[in-house]
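The values are calculated or read from the model by the stated rules, or taken from the named source; none is laboratory data. Because the structure is predicted, anything quoted here is derived from the model rather than measured. FYI the Cβ positions are ideal-geometry reconstructions off the backbone, even for glycines, and counts take in every protein chain you see. To get the accessible areas, we keep the full protein, side chains included, count just its heavy atoms, and leave off ligands, DNA and RNA. Shrake-Rupley method; radii C 1.70, N 1.55, O 1.52, S 1.80 Å.
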Amino acid sequence: MSLSVVIDIMDFFALPEVFHRELLKKVNIADRMNLRCTCRAFEKLVANSNAGYYESGKIAPTRDGRFFSVYLGDQQFNSMHLSEIGLDTFLQFQNRLFSRIHFNDFEIKMSEYISTQFIREFTEKFAIDSLHFSASTSDQLYRSVELMGDFPKSTHNLAIYDFAPETEAFLMIPPLNILQMYFIKQGTPDNRYEIPTAIFMYLQQNHSSVLASYVRMNSEGFLRVLQLCSNGTGERTIRFLKESLMVASWLRDYGVTEDSIVGDTCGEFLVIKTNIRSTKLRYRNCFILFSGFNWVDDWATTVIVTNFEGEQVE
Amino acid sequence: MVLITLVSSDEQNFPVERELLKQSGTIETLIVNMNLDDEDTDAAAMPIPLPNVKGDVLEKVIQWMEHHKGDPVKEGDNEDNNAEIVVPQWDDDFFKPAMYGSKHLELTVAASYLDIKNLLTLSCKAISNTFKGKTGPQIREEWGVPNEFTPEEEEAIRKENEWSE
């Protein structure tokens, strides 16, 4: 449709403000970028309007720490220089795209090159339902916890990877929806970091879901973990890795053996499922899946415990 | 079937089924305030004046409400009204003939004045869809907007947009 055909073109800017607000909330980020190229009035409208609701967003540095990427709903921005100038330039650009935006999920991958102050300014116009942080150093972990305080209405998730925090760092983490800890790179099976049982039990009581790599635990400790989970309020999920031979030893301690079949009860344990790749038990309110479990091979078993019935996903 | 008469700014009368008017927050409030739902009130004898809506626009609004009879009525400001909303085919065909014209503007303003949230949402979305995937110059041409930017300003905006994929 061209101007020569349409004689009666509406004066878009004569519309009431409520209309502009409603309309711009429905224009995605990519189209907002084009719209601001149209004229100064649209440029101003784009900058001063709510961009609406998006399922997800993310800010993350590249592996080499030279650049950073930002995902805002439908739009991805790449190759921005991870420097004070680069960050400020992007901030100014973002300020020209909306005055408010709402995300269901937003992930902040922390970096030593991205200051807390920048993240505060970057997220100033964000409403976030579920906020995820990823931290790979102690400093990043502390800063993540500090930033969580800026979003009291959001639920928080934290992924700690590639380093083992000190005990006091574990203790200062506020209640989370999901706490993930991946320390696989910390060493070989002989010297890798395993979360001590006491800390793991503290964490499982404070966070709805605790997903870890290896945990230092014996059969008594695991029984205590199950008791805490069974008594936990709300839905609780625990997931960690353990060598199959160690799991086999726990199960024998509880009276469950290679010969146990579905329906067998061993003390408070009930065998729900058993096959060559996994074993599922019930203990009080808990459902326990040993995924990838084998009685004789010493590979890693994923232990998943929930206090509700449902699919236990690895 | 209870009929309520709406009177447009150019004094045209539109008898409308009571049930349809639940979609309009403004008219619903007037009906309550005028006690038109009371059995003792002769609703037919008490027309509702709508001084901000012309007859031809009100006719379109009623046509839209008739098609959407029984749809859930949206309440409050919902942030979920966003880029993901899909305009149904019937509504797309309904808006299309006057999409870029002042009639669409008047219909949208009427939806706002009458507080018909679903109509306002779909009307806004239909307009925002006209921007979809278009470049600045294409939007300018379609909406008859003059280019105010200098070549240097256009280049600066183009450079900023290069970050995106």
*Gained length - B:GLU17 relative to B:TRP90, 0.36 nm times residue gap less alpha-carbon distance*: 24.2 nm
*Any number yet on Rg/Rh for the range B:3-132, C-alpha, Kirkwood?*
0.98
*Mind pulling up the Rg/Rh value for the range A:6-47? Radius of gyration and Kirkwood radius, both on Cα.*
0.98
*Modelled FRET efficiency - R0 45 Å, B:ASN33 with A:ARG120, Cβ distances, 0.05 increments*: 0.40
*Quick one: of A:LYS153/B:LYS125; A:LYS26/B:LYS96; B:LYS96/B:LYS132; A:LYS44/B:LYS74; A:LYS44/A:LYS153; A:LYS153/B:LYS134, which pairs are farther than 25 Å apart, Cα to Cα?*
A:LYS153/B:LYS125; A:LYS44/B:LYS74; A:LYS44/A:LYS153; A:LYS153/B:LYS134
*asked:* Just checking the output field for B:124-137: average partner chain Cβ neighbours within 10 Å of each residue's Cβ?
replied: 6
*asked:* Rounded, prolate or oblate for the protein assembly as shown? Axes are the square roots of the Cα gyration tensor eigenvalues, ordered a ≥ b ≥ c, and the cut-off for rounded is a/c under 1.5.
replied: oblate
_Residue of B:LEU120, B:LEU36, B:LEU21 that the Gaussian network model of chain B assigns the largest fluctuation, springs spanning Cα pairs under 10 Å_ = B:LEU36
*Of A:PHE12, A:PHE151, A:PHE68, the one that fluctuates the most in a GNM where chain A has Cα springs shorter than 10 Å*: A:PHE12
*Taking just the C-alpha trace of the range A:64-197, give me its Rg and Dmax in Å.*
16.1, 53
*Acute angle (nearest 10 degrees) that the helix B:117-129 long axis makes with the longest principal axis of chain B, alpha-carbon atoms*: 20 degrees
*Give me the number: length gained by fully extending A:MET246 to A:ASP162, i.e. 0.36 nm times residue separation minus the C-alpha to C-alpha distance, one decimal in nm.*
27.8 nm
*Among A:LEU35, A:LEU211, A:LEU72, residue whose mean-square fluctuation peaks in a GNM of chain A (springs only between Cα atoms under 10 Å)*: A:LEU35
*List the accessible area buried at the contact between B and A, summed over both sides and calculated with a 1.4 Å probe, in Å² to the nearest 100.*
4200 Å²
*With each pseudo-label sitting 7 Å past Cα toward Cβ, what's the A:GLU17-B:SER164 distance in nm, one decimal?*
2.6 nm
*asked:* Tell me the Rg and the Dmax, in Å, that the Cα atoms of the range A:25-89 produce.
replied: 13.7, 40
*Computed FRET efficiency, Cβ-Cβ of B:GLU152 and B:ALA98, R0 30 Å: what is it to the nearest 0.05?*
0.20
*Under the definition of partner shielding as Cβ atoms of other protein chains within 10 Å of a residue Cβ, what is the mean value for peptide A:73-82?*
3
*Mind checking the range A:249-278 for trypsin sites (Lys or Arg not before Pro) that DSSP puts in a loop (not H, G, I, E or B) and that have at most 12 other Cβ atoms within 10 Å?*
A:ARG277
*Calculate the mean, over all residues of peptide A:32-44, of how many other protein chain Cβ atoms lie within 10 angstrom of the residue's Cβ.*
6
_Those trypsin sites (Lys or Arg not before Pro) in the range A:76-155 that DSSP places in a loop and that have at most 12 other beta carbons within 10 Å_ = A:LYS153
*asked:* So, for the protein assembly as shown, what is the accessible surface per residue at a probe of 1.4 Å, expressed in square angstrom?
replied: 47 Å²
